[in-house]
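Written below as structure tokens is the structure these notes are about.
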Amino acid sequence: MSTPETPAPADSQEPLVPLSSIQKALASYRVLAWATGLWLIALCYEMVRKYGFGDDSLSWIAVVHGWVYFAYLIATANLAVKVRWPLGRALGTLISGTVPVLGLIVEHFQTQDVKKRFGL
């Protein structure tokens, strides 16, 4: 606990930004993590059809997934800065969006951690 006379310790988990800003960043991260995960599954389906059966009719899925993943990178970096994730954790979360289903699993655990740390 800190009083006006004694400052909070340097390793305190107090956010540098308002909680409403963290809530918005977390909501954006969650939506884009799910969107990225689902589009990545669709991309895997498209790759099977393309390379397994010679059907190139769904090539637009790769473009959509690329843009959704780009938005996911921005949203994840925004959340990482606001909740002060260490660099390794932030990079691991960013990269998890490249492995089918892993991004969805990581999103669950990251969300639980952020909610617990900041009482959301």
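The values are calculated or read from the model by the stated rules, or taken from the named source; none is laboratory data. Treat the numbers as computed from the prediction; the structure is a model and nothing was measured. A quick note on method: Cβ atoms are made from the backbone with ideal geometry, for glycine too, and the neighbour counts reach across all protein chains shown.
Test ARG49 against the criterion of being among the basic types (Lys, Arg), over 10 Å from the mean Cα position of the chain (by Cα) and part of a helix (DSSP H, G or I), and give yes or no. Yes: the conditions hold for ARG49.
Among residues of region 93-107 being more than 10 Å from the chain's Cα centre (by Cα) and not hydrophobic (A, V, I, L, M, F, W, C), the one that is nearest to HIS65 (Cα to Cα) is THR98.
Taking region 53-81 as the range and being of a type in the set (Gly, Ala, Ser) and part of a helix (DSSP H, G or I) as the test, the residues that pass are ALA62, GLY66, ALA71, ALA75, ALA77, ALA80.
When residues of region 21-45 are filtered for being within 20 Å of LEU104 (Cα to Cα), surrounded by fewer than 19 Cβ atoms within 10 Å (Cβ to Cβ) and of a type outside the set (A, V, I, L, M, F, W, C), how many remain? So the count comes out to 5. If you go through region 103-114 and keep only what is of a type in the set (A, V, I, L, M, F, W, C) and in contact (Cβ under 8 Å) with a residue 12 or more places away in the chain, you end up with LEU104, VAL106, VAL114.
Selection within region 70-92: residues that are aromatic (Phe, Trp, Tyr) and modelled with pLDDT of 95 or more. The member of this set that is nearest to LYS115 (Cα to Cα) is TYR72. In the set (1) in a loop (DSSP other than H, G, I, E, B); (2) touching an Asp or Glu at 6+ places or on another chain (Cβ under 9 Å), ARG84 fails one condition alone, (2). The residues on offer are ARG49, ARG117, ARG30, ARG84, and the sole one that is more than 20 Å from LEU19 (Cβ to Cβ) and among the charged types (D, E, K, R) is ARG49. Screening LEU87 on (1) in contact with a helix residue (DSSP H, G or I) (Cβ under 6 Å, 6 or more places away or on another chain); (2) more than 30 Å from LYS50 (Cα to Cα) shows it passes everything except condition (1).
Looking across ALA71, ALA62, one residue alone is touching a helix residue (DSSP H, G or I) at 6+ places or on another chain (Cβ under 8 Å) and touching a residue at least 24 places away in the same chain (Cβ under 8 Å). It is ALA71.
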